[in-house]
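Heads up: the structure comes next, in structure tokens.
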Amino acid sequence: MTTCIALLRAVNVGGRNLVAMSDLRALVESLGLTGVRTLLQSGNCVFDAGRAAPAELERRLERTAREKLGLDTELFVRTAAEWRDLVAANPFPAEAKSDPGRLLVYCLRDAPTRDAAAALAAAIAGRERAHVAGRHAWIVYPDGSGRSKLTGAVVERQLATRGTARNWNTVLKLAALAGVAA
């Protein structure tokens, strides 16, 4: 049985794309997935997926969310092993410890090219620092992400892929919920 983590992009933000976590749990269960649990109100879900591949789960969950909830958003699925690896690969351990709310991990649809990662680094105009590896980007926002010019839209444009971000506190809570050591 493979445990997976699904992240919904841009739900329950600013009164848009509203979805109750009970509806999200029911949606995931309707696909035959088990052990469904959610975290916070921002579209974080952990479940047992059997042998289903994450990419197929993303497509099925997105389609079902449109059909059953009228929710047109993207979902990003990672296995618990992938989540454990992204926690272990954190290139900013001091920041994770001292100010975890200002370290964001972007889960990306596709792995950016080296040129795209360089373009992201070149786009940083403030004190932010970024590291891209595989389908993840870790970005430290020392002055807070809300004030930064390095918005999610800029990150996606420079990396030429879509994504969704969670702060380090949420990353670690999801790791615990998925039963992986952080």
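Taken together, the values in this text are just the output of simple stated rules run on the coordinates, not laboratory data. On a predicted model such as this, the values are computed, not experimentally measured, just so you know. Here Cβ is always computed from backbone atoms with ideal geometry, including for glycine, and neighbour counts include all displayed protein chains.
Listing for the model above:
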| item | result |
| --- | --- |
| Relative contact order for the chain, counting Cα pairs under 8 Å that sit 6 or more residues apart, in percent | 24 percent |
| Potential extension, Met1-Asp72 segment - 0.36 nm per residue separation minus Cα distance | 22.7 nm |
| Point-to-point label distance, Arg37-Ala125, nm (Cα→Cβ direction, 7 Å offset) | 4.3 nm |
| Mean ellipticity per residue at 222 nm, deg cm²/dmol - from DSSP H runs of n ≥ 4 across the chain, formula -39500 (n - 2.57) | -11000 deg cm²/dmol |
| Separation in nanometres of the label points that stand 7 Å from Cα toward Cβ, at Lys97 and Leu172 | 1.1 nm |
| Relative contact order computed over region 3-103 (Cα-Cα under 8 Å; 6+ residues apart), in percent | 33 percent |
| Charge-dipole axis of the chain as Lys and Arg at +1 and Asp and Glu at -1 on Cβ define it, positive-most pick from Pro112, Ala178, Trp138 | Trp138 |
| Normalised convex hull volume, region 87-177, alpha-carbon set, Å³ per residue | 88 Å³ |
| Alpha-carbon spread of the chain, three principal axes, descending order, Å | 45, 33, 28 |
